Structure formats: C-alpha cells, structure tokens
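> Please find one structure pasted underneath; my questions will follow.
Nothing in this text is a laboratory measurement; each read-out follows from the coordinates by a stated rule. In this text the structure is predicted, and so the values were computed from the model without any measurement. Heads up, the Cβs are rebuilt from the backbone with ideal geometry, glycines too, and the neighbour counts pull from every protein chain shown.
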Amino acid sequence: MLRQRIITAAWLAPLMLVGLFGLSGGAFALFTALIVLLGAWEWSNLAGLGEGKRIWPVWALALVMLVLWFSGNATALWPLWFAAIGWALNFYWVSRYPEPDAAWQSTAGRLAMGAWVLLPCWIGFNVLRESGGVWLLFVLLLVWAADIGAYFAGRAWGRRKLAPRVSPGKSWEGVYGGLAATALLAVVFAVWQQLNFATGLALVVASALITLVSVLGDLLESMLKRFRGIKDSSQLLPGHGGVLDRVDSLTAAIPLFALLYVQVLPL
C-alpha cells in the first residue's frame, strides 16, 4: 500500500503543480474543471446513484460550466454566495448526524448538496487564479498546513473528540494545532506580501475561519461515506482513494476564501 501511495504521489504532485500554476485562462479552467468533474462522478456514488446513472450529473455539471465560461461568468460571485449558504446547511447537518434528515439523506438531496459544493469550487479556482496565483497558492498551503498541524497536535495531545459519530479520529486539540499552523502561515504571507498591520490581521482572522471551514469539508465527505457505507469515494488514485478524498477540504476552503478575497479582504 505504501509503495502504491508513493508511486501515485510521484506523478500526481508534479501534474497538479503544472496544472495549477503553469496554466492560465481557458487551459486552467479546463484543467480544474476536469478535477471537479471527476469529483462529480464520485459524488454521484455518494448520492446513491447506480453505476449506469452516475455519468448524468457529470454531464449536467459540465454543461453548466460551459455556459458560465462562454457567457463570461466563470468568475461570477453568485456561485460563491451559493456556496456560503450551502456550507451553512452542511454544518447544520454534520453537527446533527446521525439523526435522520430527509433534506439531505435522499438521493436528490445529496445531488443538490453536490451542486453547491462542486460548482463554486471551480468558480473559486478561477477567481483565485485571476489574482496571479499568489492567493491560490496561499489557500492550498493553508489547507495542507491545517492538515499537518492537526495531525501532529492530535497525535501528541488529542483527547476530546471533535465529531465522534462522523470521524472518530479527529480531536479538538487537532483543530487547535491546525489553527496555530495556519496562523503562522498567514503571518509569513503577510510579511512576504508586505501587508500593513490591519490587512495582515484581517488575513490571520480569515485564515482561522477558512481553517475551520476546511475541517467541515473533510467532515462532510466523511459523513456521506459513512452514510453510504463506503471507505473511499473511489479508487481513481491508487493508494489514495478518490479525488474527493484528496480535495474534500479544498471544496469548502477554495470558494469561501475566494469570496472573502473579493468581498472582504483588502488584498
């Protein structure tokens, strides 16, 4: 298993770096669309669709992306607000699990959930890439730093479970470790970008919020997999599971940071 993980990471990491930072414009939008559409195929499984029907949500999402791109709305703000409302609902449902809730536990409900998770993620990628890539790099590093900080803090001090009915391995101490790591990252970026004190402080506060949102992204996928009775979203990435298993935190962090970047942060 470890050997397979290393082999997959060896080709996947360079591909992602080239795609995310070597491409721009339409090529970048196409590259990120392919990632999101693979996630949509996996989401169809999480929603409970049979194998023969899983491609239809993918085609529907691809059509919406094409319409937005050719109408000049691939960086529109309304999908980001759509995501903000949707993730508030996601938080409510994750916090109540496993209480029955027909609003999301039906196949139609889970497909609707996928719409406000996946489409705004693609929009957020485009918005942040338009910034020149610096803030896209920041939010990617933020999610990775949150994961690393949470892992080590959780292993060292983890006692109080965060959401034992959804993801038993996560602890509040891990969350605090993730917050500490991303606060440090925000300070580094504030110094690098020569932000004034007020703007740097706003970035630290925004980073804390996005760190918590990224945890919610991870918990949401864990909840859906637990409800569906599966371990991984797919086996597309040998040794790593599926695409959603790799980007679950980003599906929350990317669109909501993009919204803050455009509407709130004076960057």
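> Please list 3J(HN,Hα) in residue order for the stretch 251-267, calculated via the Karplus relation 6.51 cos²θ - 1.76 cosθ + 1.60 where θ = phi - 60°; whole Hz, with x for glycine and proline.
Once rounded to whole Hz, the list reads 4, 8, 5, 4, x, 6, 5, 4, 5, 4, 4, 7, 9, 10, 6, x, 9.
> In the Gaussian network model of the chain, springs joining C-alpha atoms below 10 Å, which of Leu119, Leu46, Leu12 carries the largest mean-square fluctuation?
Its mean-square fluctuation being the largest, the pick is Leu12.
> Determine the gain in length on full extension of the stretch Val188-Ala108; use 0.36 nm per residue of separation and subtract their C-alpha separation, reporting nm with one decimal.
Full extension from Val188 to Ala108 adds 24.5 nm.
> Can you compute the label reach from Phe152? Point 7 Å from Cα along the Cβ direction, backbone N cut-off under 11 Å, restricted to the stretch 181-199.
181
> Rank the residues Thr107, Thr251 as a footprinting-exposure proxy: fewest other Cβ atoms within 10 Å of their Cβ go first.
By the 10 Å Cβ count, ascending: Thr107, Thr251.
> Placing unit charges on C-beta atoms (Lys and Arg positive, Asp and Glu negative, everything else neutral), compute the dipole magnitude of the stretch 115-248 about its Cα centre in debye, rounded to 20.
540
> Excluding residues on the same chain fewer than 8 positions from Lys161, give the aspartates and glutamates whose Cα lies under 13 Å from its Cα.
Glu173
> Sticking with this one: Which of the trypsin sites (Lys or Arg not before Pro) found in the stretch 149-221 are in a DSSP loop and have at most 10 neighbouring Cβ atoms, other than their own, within 10 Å?
Taking the stretch 149-221 and a limit of 10 other Cβ atoms within 10 Å, the loop trypsin sites (Lys or Arg not before Pro) found are Arg159.
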